[in-house]
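Notes follow the structure.
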Amino acid sequence: MKLDNGQSSPDSGQWRGDCSRVWMGLRDWWKRRGANTEDPRLRRWREDWSKTAGAAETRDIARMGAELDAFGLPEEDIEIEREMLQALRERDELLSSVRASGLPRVETGHRVVRAEPCHYSAPVSMPDEPGQPSGRLLLTSGRAIFAGGGSGLATAWHMISDALHMERDVVLVRNGREQVYRFRCNTYGDALRAAFIAGQLLAARRRSPPGL
């Protein structure tokens, strides 16, 4: 397990991924997915989705929905794109809620959370780790926590430099980019929400006075 002070317990080695291997895997996965798409309109739509999902504001949801309808494709052919569109709506709703009342608070019975406010909890797996362990990703005010797989992972936000998403994955990048943690969510919506909340927690940490 990775401890808050950046030190490693004896079982932490299994969580150390090869950063370059993960990034290459993500890139190749995205390319293969695009190459297997028969309709070039859907390929362009997905590229547009990636840009929209990465923006602070999601102003283009209605337009993207109209474009998807205009393709005139059978629903079974655009099932994933419908999920992607719903993910943008959910992220937009979360953004509005955060602006109005702050990050959501999630009740959890996990002892590893301790007394820290928890802002996100969802089932995930870690596809880059041996055995691809399944568990739950918990984002608290102080740490990103993976509970499951017979062991676990907990790393403080000051050890993380960035939070990214790709399809149903959310990726936390450690300082120096020498290591990443990739979590595969069940839905695009879960991944977008996790990346957004992690980004908010990272931003809050950077705004905190030194030593906190």
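With equal scatterers on the alpha carbons only and no solvent term, can you work out the Debye log10 of I(q)/I(0) for segment 37-101 at 0.23, 0.25, 0.28 1/Å?
-0.97, -1.10, -1.31
Based on the Cβ-Cβ distance from HIS110 to ARG89, what FRET efficiency comes out when R0 is 22 Å, to the nearest 0.05?
Working: r = 29 Å, r/R0 = 1.30.
Computed FRET efficiency for HIS110 and ARG89 comes out at 0.15.
For ASP69 and ALA204, what does the FRET efficiency come to when R0 = 41 Å and r is the distance between their Cβ atoms, rounded to the nearest 0.05? Please list the in-between numbers first.
Numbers: r = 39 Å, r/R0 = 0.94.
E(calc), rounded to 0.05, equals 0.60.
Would you mind classifying segment 131-171 by shape? Square roots of the alpha carbon gyration tensor eigenvalues, ordered a ≥ b ≥ c; an a/c under 1.5 is rounded, otherwise it is prolate if a/b is larger than b/c and oblate if not. Intermediate values should be presented prior to the final figure.
Details: a/c = 2.14, a/b = 1.15, b/c = 1.85.
It comes out oblate by the Cα gyration axes.
Mind ordering 43-51, 107-115 by average Cβ neighbours within 10 Å, highest first?
Numbers: 43-51: 15.0, 107-115: 11.8.
Top to bottom by mean Cβ count within 10 Å: 43-51, 107-115.
Please give the peptides 86-99, 181-194, 118-131, 65-78 ranked by average Cβ packing (other Cβ atoms within 10 Å per residue), highest first, as a rough proxy for protection. Present the calculation step by step, with values, prior to reporting the outcome.
Numbers: 86-99: 15.9, 181-194: 22.2, 118-131: 18.4, 65-78: 11.9.
In descending order of packing, they fall as 181-194, 118-131, 86-99, 65-78.
Could you give the spread of the C-alpha atoms of segment 119-212 along their three principal axes, from largest to smallest, in whole angstroms?
Dimensions of segment 119-212 along the principal axes of its Cα atoms: 39, 26, 22 Å.
Just so you know, all these numbers are worked out from the coordinates, no wet-lab data involved. As the structure is a computational prediction, the values presented were derived from the model and not from experiment. Every residue, glycine among them, receives a Cβ derived from its backbone with ideal geometry; neighbour counts consider all protein chains shown.
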